[in-house]
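The values are calculated or read from the model by the stated rules, or taken from the named source; none is laboratory data. Computed from a predicted structure; not experimentally measured. Quick reminder, even Gly has a Cβ in these numbers, built from the backbone with ideal geometry, and neighbours come from all protein chains shown. We work out accessible area using only protein heavy atoms, side chains counted, and drop any ligands, DNA or RNA first. Shrake-Rupley method; radii C 1.70, N 1.55, O 1.52, S 1.80 Å.
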Amino acid sequence: MRNPLSKTIESIPPSGIRKFFDVVNEIEGAVSLGVGEPDFDTPWHVRDEGIYSLEKGRTFYTSNSGLKELREEICRFVKRKYDCDYTVSETLVTVGGSEAIDIAFRAMLDAGDEVIIPEPCYVSYKPCAVLAGGIPVVIDLKEENRFRLTREELLSAITERTKILLLSFPNNPTGAIMEREDLEAIAEVCREKDIFVVSDEIYSELTYGKEPHVSIASLPGMKERTVVINGFSKAFAMTGWRLGYALGPENVIKQMTKIHQFAIMCAPTTSQLAAVEALKNGDEDIKVMRESYDQRRKYLLNAFEDMGLPCFEPEGAFYMFPSIKRFNMSSDEFAERLLKAEKLAVVPGTAFGDSGEGFLRISYAYSIDSLKEAMGRLERFINTLS
Amino acid sequence: MREKILMLIERNAKLTAKEAAVLLGEDEEKVAAEIKKMEEENIICGYHTMINWNLMPEEKADAIIEVKVAPQRGVGFDRIAERIWQYPEVEGIYLMSGSFDFAIFLQGKSMREVAMFVAEKLSTLDSILSTSTQFVLKKYKDHGVVMAKNEKDERISIS
């Protein structure tokens, strides 16, 4: 029998997160700081709206690009929050941000086009780029730059074939953000070198500094060369509803909609109707959740300091990325030994790229009580090392 | 800062001043001093433990008594309220708007004990015109806390 599999898919390694998940799953009673989703339930008024839509029998397909009412609310939301001007025809509702990443690459890449991907980062960008025929070019972000992308790093990665720069800030796993000045320097290079940007801003509502999140699409001359990806999972604690969106130039959104139409048809109707409610009346929910994450972030920073675990201060998302370099072992080894000794699961930094070596991703999407318990375990483990 | 401290300890009285300070990004001594001041000013009037007595073998009877009274000249409702709250059986007493005046929260060992208290002590007070006793059958949520709900993390452990 011939090999049923494509060479491309066989060439793609499985997700590092998945790999570690399988390890953790074998340990019974393990405490995990490994999740990448909020611990809050979706706000009740949002769930209620979903239930109501089912009661009313609103269970049909929506238009391919998503309910017009939802797209209008999305446009209002990004105007109000990030001063981005979009119309409904520049908006596509997707099945989570993940789908948007996939179809943005597929709509924009030809075989051999290069995609610059700063790492550490979420696990799907590289495989999606490869599946779309692109060639990932990785930039290793540095802790001394607080894991932000610099103009020099970007310039050194650009070639004749560079088509897209992928940005993911606030970042999973580092918690790094890019402020306006950082983005302006990057935007200037993109305009000069005629490079497009795919900007995954799924954590945009979870930043803890004085200034709110800045979208690169709001900078002069960038809207026409940027596809913004965002969604409801993190801001509104709606991971299981699988709902995201893409905003971009009309010609790109049109082609993305074509792929979306053939592959997906439309995002789930119940989720779309609930999301309208989230956007209309959810600002207070976001505020409450953000404050709670911020408290936990401060709690972990303090706990790390007390146990002598160096960690740069993350300013977004809900992850800490402490350095374990002084223990002279790999991230994998540290995570596995910690799991065996204390039954505490954290994700090795290397799951998010080679530059994650020497770091751990610790999620703080947990109650203070759970974090307290986990920090006790981590400290006991560290004390056995030194 | 006061409101932030109160929001934190309202849901978790076990938080130490140090922990609250870390969570708020404030100085520990400042937070401790502020808590002390709020205790002195009676803004913080006590620290309670949330107990789900339903899960204990001891029987308890909770009741809400709606009471109509004749307010007294010069002292209004306050004087009567003070007489009522002296009884240790009275867990809480609120002055209400609407069709009755006081809502009184009672806790006793049995329904009979509560009923006898109402009949013998409460109803016989001079200014009380009428009482109506409602027994609590089950507490689902109290002080913002869902009782007896076993919170289980259903998220996949690594994602």
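Inside region A:1-98, counting only helices (runs of 4 or more DSSP H) that do not spill past its ends, which hold 3 or more residues that are among the β-branched types (Val, Ile, Thr)? Reasoning before the result, please.
Details: elements: A:7-11, A:16-25, A:44-55, A:68-82.
Fully inside region A:1-98 and qualifying: A:16-25.
Output the helices (runs of 4 or more DSSP H) that fall wholly within region B:1-52 and possess 3 or more residues being within 23 Å of the chain's Cα centre (by Cα), or say none. Give the derivation first.
Values: elements: B:2-11, B:17-24, B:28-40.
Passing ranges, in order: B:2-11, B:28-40.
For region B:18-49, enumerate the residues that are away from every other protein chain (no Cβ under 14 Å) and open to solvent by 90 Å² or more (accessible area, probe 1.4 Å). Spell out the reasoning first.
Taking region B:18-49 and keeping what is away from every other protein chain (no Cβ under 14 Å), we get B:29-30, B:32-49.
Within region B:18-49, B:29, B:30, B:36, B:37, B:40, B:41, B:42, B:45, B:47, B:48, B:49 qualify.
Within region A:326-363, track down each residue that is within 14 Å of chain B (Cβ to nearest Cβ) and either without any contact (Cβ under 8 Å) to a residue 24 or more places away in the chain or out of contact with any helix residue (DSSP H, G or I) (no Cβ under 8 Å at 6 or more places or on another chain) (or both).
A:332, A:363
Step by step: first the residues of region B:92-129, then only those that are surrounded by 13 or more Cβ atoms within 10 Å (Cβ to Cβ) and of a type in the set (Asp, Glu), then the one that is nearest to residue B:69 (Cα to Cα). Which residue is that?
B:101
Quick one: is residue A:350 among the polar types (S, T, N, Q) and under 21 Å from residue A:139 (Cα atoms)? Before the answer, list the steps.
Values: among the polar types (S, T, N, Q): yes; under 21 Å from residue A:139 (Cα atoms): yes.
Criteria met by residue A:350.
In region B:57-77, how many residues are free of Cβ contacts under 8 Å to residues at least 12 places away in the same chain and either outside the structural domain of residue B:129 (by TED's automatic domain parsing) or surrounded by 11 or more Cβ atoms within 10 Å (Cβ to Cβ) (or both)?
Result for region B:57-77: 2.
Any residue at all in region A:76-83 that's at pLDDT 95 or above and closer than 16 Å to residue A:274 by Cα?
Looking for residues that are at pLDDT 95 or above and closer than 16 Å to residue A:274 by Cα, one finds at least one in region A:76-83, hence yes.
Taking the options A:249, A:268, name whichever one is surrounded by fewer than 18 Cβ atoms within 10 Å (Cβ to Cβ) and touching a residue at least 12 places away in the same chain (Cβ under 8 Å). Full working, then the answer.
On the way: A:268 fails: surrounded by fewer than 18 Cβ atoms within 10 Å (Cβ to Cβ).
The conditions single out A:249.
Among the residues of region A:1-18, count how many are facing chain B (nearest Cβ under 10 Å) and either exposed (fewer than 12 other Cβ atoms within 10 Å of the Cβ) or more than 19 Å from the chain's Cα centre (by Cα) (or both).
Residues in region A:1-18 being facing chain B (nearest Cβ under 10 Å) and either exposed (fewer than 12 other Cβ atoms within 10 Å of the Cβ) or more than 19 Å from the chain's Cα centre (by Cα) (or both): 0 in total.
So for region A:32-47 (the condition being more than 10 Å from every other protein chain (Cβ to nearest Cβ), β-branched (Val, Ile, Thr) and open to solvent by 70 Å² or more (accessible area, probe 1.4 Å)), does at least one residue qualify?
no
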